[in-house]
Amino acid sequence: MEPGIQISGLAKRFGHLVVLDGVDLKIQRGENRVILGRSGQGKSVMLKLIVGLLTPDKGSIVVDGKRVVGMSRRELYDLRRRFSMVFQGGALFDSMTVGDNVGLGLAEHTDQSPEEIRKRSQKSLEMVGLPDVFKKMPAELSGGMKKRASLARAIVSEPDYILYDEPTTGLDPITADSINRLIQHLDEELGVTSLVVTHDMTSAFMVGDRFALLNKGTIVFDGSSDEARAATEGPMAQFIQGDSQGPLDSL
Ligand SMILES: Nc1ncnc2c1ncn2[C@@H]1O[C@H](COP(=O)(O)OP(=O)(O)OP(=O)(O)O)[C@@H](O)[C@H]1O
Ligand SMILES: [Mg+2]
């Protein structure tokens, strides 16, 4: 069994819109993989395919030696328990307290007591710097606090993999920095393997040890953070420099 995530020939379209067209990517256990790409290039779709929230048209995704496509409901359930996803918009339930949102997965998928769940949820909230929001409703939180609460929800189940979709977008630079440090901390202290989708290059270089750039349905750059930083021409250089002229598709 090869640990980590292996994606081969992954293809996904919605009607006539071809989003992924043969994506090959390997994510080793313990790695922090940053996935870059322009808006609409299929980054969120790729994360959803990995956890089985969407089904690919072609190709395979193998997680720790097991193929995701074709898994039974039971196998998919077991797989998802080892993953956490921090969704782009936070995705907290408005009708529940923040604390209950954080503990929801434990309440649904484990036999831990309500007291134990409450303790763990509070501890996760403390880890993301929100010690006093357990009883608040999501509507009472700022955007940055919501992102942090969704991070608390992601770590409470002690997953092997965390998939982050734009964890710092829309945050002030200081809050963004605290989120980046938290992602680093989780990787270092808990040995979590992470996939971070981001447009924020400061964040990318802070948390990532390997980079992939998705464009027009395929991976056009795959390399270490040093290689990404050193790129002086080609798609990665264009993306880092934010140049509208170059090999990447322009609007
Ligand atoms: N469930 C769906 N049904 C139809 N089209 C979809 C669906 N999900 C995504 N798409 C389309 O697939 C394309 C890729 O979407 P995706 O959300 O993966 O982009 P992204 O790279 O995450 O962009 P952003 O950086 O803006 O978040 C878009 O054109 C989007 O409209
Ligand atoms: Mg997205």
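The values are calculated or read from the model by the stated rules, or taken from the named source; none is laboratory data. A quick note: this is a predicted structure, and the numbers were derived from the prediction, not measured. Every residue, glycine among them, receives a Cβ derived from its backbone with ideal geometry; neighbour counts consider all protein chains shown.
So that you can scan it fast, the table gives a plain yes or no per residue for (1) assigned to a loop (DSSP other than H, G, I, E, B); (2) in contact (Cβ under 8 Å) with a residue 24 or more places away in the chain; (3) closer than 30 Å to R74 by Cβ:
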{"site": "L104", "(1), (2), (3)": "no, yes, yes"}
{"site": "E108", "(1), (2), (3)": "no, no, yes"}
{"site": "S121", "(1), (2), (3)": "no, yes, yes"}
{"site": "E126", "(1), (2), (3)": "no, no, no"}
{"site": "V133", "(1), (2), (3)": "yes, yes, no"}
{"site": "M145", "(1), (2), (3)": "no, no, no"}
{"site": "R148", "(1), (2), (3)": "no, yes, no"}
{"site": "A154", "(1), (2), (3)": "no, yes, yes"}
{"site": "L171", "(1), (2), (3)": "yes, yes, no"}
Taking first residues from the range 188-200 that are on the phi < 0 side of the Ramachandran plot and second residues anywhere that are modelled with pLDDT under 85 and more than 16 Å from ligand 1 (Cβ to nearest atom), the pairs with Cβ under 7 Å that are 6 or more apart or on different chains are V192/L186; S194/D187
By residue number, the members of the range 10-32 that are in contact with a Gly (Cβ under 9 Å, 6 or more places away or on another chain), among the hydrophobic types (A, V, I, L, M, F, W, C) and either closer than 20 Å to V86 by Cβ or away from ligand 1 (no atom under 12 Å from the Cβ) (or both) are L10, A11, I27
Note: among S203, S157, just one is of a type in the set (S, T, N, Q) and either closer than 23 Å to Q122 by Cβ or away from ligand 2 (no atom under 16 Å from the Cβ) (or both), namely S157
Requiring at least 3 residues that are surrounded by fewer than 19 Cβ atoms within 10 Å (Cβ to Cβ), the strands (runs of 3 or more DSSP E) wholly within the range 182-240 are 218-224
For the range 201-229, the count of residues that are touching a residue at least 40 places away in the same chain (Cβ under 8 Å) and among the basic types (K, R) equals 2
Reported set for the range 82-100 where residues are away from ligand 2 (no atom under 16 Å from the Cβ), in contact with a helix residue (DSSP H, G or I) (Cβ under 6 Å, 6 or more places away or on another chain) and outside any loop (DSSP other than H, G, I, E, B) is S84, V98, G99
The condition from (1) away from ligand 1 (no atom under 16 Å from the Cβ); (2) in contact (Cβ under 8 Å) with a residue 40 or more places away in the chain; (3) surrounded by fewer than 18 Cβ atoms within 10 Å (Cβ to Cβ) that S72 misses is numbered (2)
Exactly one of I35, I7 is β-branched (V, I, T) and within 12 Å of ligand 1 (Cβ to nearest atom), and that residue is I35
The lone condition S60 fails out of (1) farther than 19 Å from L79 by Cα; (2) more than 16 Å from ligand 2 (Cβ to nearest atom); (3) among the polar types (S, T, N, Q) is (1)
If we keep only residues of the range 39-67 that are at pLDDT below 90 and surrounded by 14 or more Cβ atoms within 10 Å (Cβ to Cβ), then the residue nearest to the chain's Cα centre (by Cα) is V51
Within the range 54-67, the count of residues that are farther than 17 Å from Q28 by Cβ and aliphatic (A, V, I, L, M) comes to 1
If you go through K12, K26, the only one that is assigned to a strand (DSSP E or B) and within 16 Å of ligand 2 (Cβ to nearest atom) is K12
